[in-house]
Amino acid sequence: MQDDEIIIPVLGIMLPLIITLGAFIMIVYVRKFENLERMAIIDKGLSPELFTKKERNASGALRAALLLVGAGLGLLMGYWLDQVFYMREVAYFSMLFLFGGIGLGIAYIIEDKKNRKAGS
């Protein structure tokens, strides 16, 4: 039995565990340092109103939704091209990126109209 046959299964088991543990530790430390920063600012006598949550912007959800709708339509169109013209992987990737980009473009147009309307 070679060492490679032992190392690969161990890495397959340990790598997701290490990544998950690392992400958890990173989140804990980020929250800890945010809290320390807030306490230092409050000790300096500044207003705690700096830490209130800002109004949530729905543009991120709109972008994500239209990107996913575009990606779904792209996969559907890629499947159709694969069945009709036997294009294989080219159809899926090209349609996925094309329709995903169209979805992001539509999201940009909607956000721009909303910003113009709010500005005037």
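Values quoted throughout were computed directly from the atomic coordinates according to the rules given, and no laboratory measurement underlies them. These numbers were taken from a predicted model, which means no experiment stands behind them. Note: ideal-geometry Cβ built from the backbone for every residue, glycine included; neighbour counts use all protein chains shown.
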_Please rank ARG63, ARG116, ARG38, fewest neighbouring Cβ atoms within 10 Å first, as an exposure proxy._
ARG116, ARG38, ARG63
*How many lysine pairs does the chain hold where the Cα atoms are under 26 Å apart and the two sit 8 or more places apart or on different chains?*
11
*Where does the chain land at 222 nm, in deg cm²/dmol rounded to the nearest 500, when only DSSP H runs of n ≥ 4 count, each adding -39500 (n - 2.57), divided by all residues?*
-30000 deg cm²/dmol
*Picking from LEU21, LEU96, LEU67, which is most flexible by a Gaussian network model of the chain using Cα springs under 10 Å?*
LEU21
*Hey, could you pull the Cα Rg and Dmax for the chain, both in Å?*
24.1, 74
*Give me the Kirkwood hydrodynamic radius of the stretch 55-119, using the inverse of the mean 1/r over all pairs of distinct Cα atoms, in Å to one decimal.*
12.7 Å
